[in-house]
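The structure appears right after this line, and notes come after that.
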Amino acid sequence: SAGAAIASGHRVTVVYVGGEDCSWCRLWQNNERPKWLASPVAHHVRYVEIEPAHLREAYQKRHWPEGLWDVLEQVPRKSGTPRFLVVVDGEIVANALGANNWPKAYAAAREALT
């Protein structure tokens, strides 16, 4: 259960990487984000949005909170949005690129809580 994962001390973070000028990002934000934020999984993870004005800046360190710089270092190809990262205890366990891959990220986040 989600409660067990939190009790076990695993820190699960979901990172959304987008850009204000990314049409696929807007599509995800309009259609999937409200459902995500209302989901039981979202209530048990830390959720961080990286969304600079331009998607080409999405992987620039200055747009990331300092606590996630180690995660940014782990991203293999630092291009492409939207990207969904599922991070457990500082390690990327899922890296889903493209709005169509959001279900994979959601499933990985749910899995990380069990």
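General observations
- The 3J(HN,Hα) values that the Karplus relation (6.51, -1.76, 1.60; θ = phi - 60°) gives for the range 56-61 are, in residue order, 5, 9, 4, 10, 7, 3 Hz. Gly and Pro appear as x.
- Amide H within-cut-off set for Ala94, under 5 Å, with H built and near neighbours excluded: Val86
- Heavy-atom accessible surface of the chain: percent carbon and sulfur, 1.4 Å: 51
- Excluding exposed DSSP-loop trypsin sites (Lys or Arg not before Pro) (at most 14 other C-beta within 10 Å), longest clean stretch of the chain: 12-76
- Each DSSP beta bridge with both residues in the chain is either parallel or antiparallel, and the antiparallel ones are about 70%.
- Whether the chain is rounded, prolate or oblate, judged on the alpha carbon gyration tensor where a/c under 1.5 counts as rounded: oblate
- Local electrostatic count at Val88 - Lys and Arg +1, Asp and Glu -1, tallied over other residues with Cβ under 14 Å: -1
- Computed 3J(HN,Hα) for the range 87-100, one whole-Hz value per residue from the Karplus formula 6.51 cos²θ - 1.76 cosθ + 1.60 where θ = phi - 60°, is 10, 10, 6, x, 10, 5, 9, 8, 9, 10, 9, x, 4, 5, glycine and proline marked x.
- Crossing angle, helix 102-112 versus the chain [Cα axis fit, 0-90 degrees, rounded to tens]: 30
- For the chain: accessible area per residue (Å², 1.4 Å): 54
- Mean ellipticity per residue at 222 nm, deg cm²/dmol - from DSSP H runs of n ≥ 4 across the chain, formula -39500 (n - 2.57): -9000 deg cm²/dmol
The values are calculated or read from the model by the stated rules, or taken from the named source; none is laboratory data. These figures come from a predicted structure and were not determined experimentally. Every residue, glycine as well, gets a Cβ built from its backbone with ideal geometry; the counts of neighbours run over all protein chains shown. Heads up: the accessible areas ignore ligands, DNA and RNA and are worked out on the full protein's heavy atoms, side chains in. Shrake-Rupley method; radii C 1.70, N 1.55, O 1.52, S 1.80 Å.
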